[in-house]
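*Asks:* Let me give you the structure first, and then I'll get to my questions.
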C-alpha cells in the first residue's frame, strides 16, 4: 500500500500568519505520524498579487518551524497546460460556456433581480451568477470573443450535476456546524462557478482539483473556510475521473475580535512574531498544538 500523501498549498501573495502555521503544522504532523509524504505546492496563478519575495519567505518560515517537505515544489504557474487540458475535457462534455459580463455589470444585474426579492447567494455570501450567457448562440459567442471582449469560462452547473449521481465526501475533521463522516455534497449551491478567464486558463476550484489528482493527495487538511467549496471540488473530481481524497477541515485561528486572520494583520504574522523572539515551540503553543 502506498503511503498517504498530504500537501500544504499557500499562495505567495503575502507573508504567512498563525493560521497558515496551524494548517502547515497539522499537515506535517499528520504526514509524520502516519509514515506519509508531505508535499508543498505554491498556488501562484494570480500574477497580479503573487510575488517572488513572498514565495521565498514561505520557504524560510516553514523551515524555521521545522517543517520539511518533498522536492520538487509544484508551482502552479509552471503547469498551466494541465489545467487547460482539464478545461478542454469539461468543454468537450458541453459543460463550459463563456460569460462576458464585467463585475460591475454582474452587480447591476443582481440589483435588478433583487427588485423581485432576494437573489440567491453561494455559501460564501456572494450572489450567484445572474446572467444568461449560456443561452448565447455559438455565433454570438465567437463574435464577442473575436472582438476581444474579456470573458470568464463558467461551469454549467445544472448540466454538470445531471451527469453525476449524488456525491459525498468523507469528513475526518469537522465542518463549521459539526459535520463529520459522510457529508452530502451540494455543488448546485454555488451556481455557475468560474473555471478560467480569458487571460488565465484556470481558477482556484479547477487548479486545486487537478493538482490534488495529479499529486495523488490522499488526505486534504485545510481550514473550515473551504469546507463548503468541497462540494464543487467533488463535482469536478467526478467529472474529470479523478480519485476522491479524504478531507480533514480544521477550525480557523481567529483574532481577538473573532475574525479570520489576514495576511495584512502584522500582529499574527510569523515574521513579526519571530522578530520579537517567538520560538517554533511558542508558535505551536499559540495555535493549540503545544
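*Asks:* With respect to the numbered conditions (1) within 18 Å of the chain's Cα centre (by Cα); (2) surrounded by fewer than 17 Cβ atoms within 10 Å (Cβ to Cβ); (3) within 19 Å of residue 125 (Cβ to Cβ), which one is the sole condition not fulfilled by residue 214?
*Replies:* Here residue 214 clears every test but (3).
*Asks:* Here's a follow-up. So which of 208, 164 ends up being surrounded by fewer than 20 Cβ atoms within 10 Å (Cβ to Cβ), in contact (Cβ under 8 Å) with a residue 60 or more places away in the chain, touching a helix residue (DSSP H, G or I) at 6+ places or on another chain (Cβ under 8 Å) and outside any strand (DSSP E or B)? I'd like the intermediate steps shown before the answer.
*Replies:* Working: 208 fails: surrounded by fewer than 20 Cβ atoms within 10 Å (Cβ to Cβ).
From the options 208, 164, the qualifying one is 164.
*Asks:* Okay, moving on. Only one of (1) within 25 Å of residue 29 (Cβ to Cβ); (2) part of a loop (DSSP other than H, G, I, E, B); (3) touching a residue at least 24 places away in the same chain (Cβ under 8 Å) fails for residue 192. Which number is that?
*Replies:* That leaves (1) as the condition not met.
*Asks:* Go through (1) under 27 Å from residue 245 (Cα atoms); (2) touching a residue at least 24 places away in the same chain (Cβ under 8 Å); (3) over 21 Å from the mean Cα position of the chain (by Cα) for residue 42 and report which single condition fails.
*Replies:* (3)
*Asks:* For segment 1-35, enumerate the residues that are over 21 Å from residue 60 (Cβ atoms), free of Cβ contacts under 8 Å to residues at least 60 places away in the same chain and outside any helix (DSSP H, G or I).
*Replies:* 1, 3, 35
*Asks:* Given the condition within 22 Å of the chain's Cα centre (by Cα) and within 22 Å of residue 185 (Cα to Cα), answer yes or no: does some residue in segment 99-111 qualify?
*Replies:* no
*Asks:* Evaluate segment 75-96: report whether one residue or more is modelled with pLDDT of 95 or more, surrounded by 18 or more Cβ atoms within 10 Å (Cβ to Cβ) and under 30 Å from residue 282 (Cβ atoms).
*Replies:* no
*Asks:* Same structure again: With respect to residue 238, is the statement that it is assigned to a helix (DSSP H, G or I) and under 30 Å from residue 190 (Cβ atoms) true?
*Replies:* yes
*Asks:* A further question on this structure: Show the residue pairs that are 6+ apart or on different chains and have beta-carbon atoms under 7 Å apart, the first residue being within segment 256-275 and over 20 Å from residue 13 (Cβ atoms), the second being at pLDDT below 80 and assigned to a helix (DSSP H, G or I).
*Replies:* The qualifying pairs do not exist here.
The values are calculated or read from the model by the stated rules, or taken from the named source; none is laboratory data. Remember, it's a predicted structure, so these values are computed and weren't measured experimentally. Neighbour counts run over all protein chains shown; Cβ positions are idealised from the backbone, glycine included.
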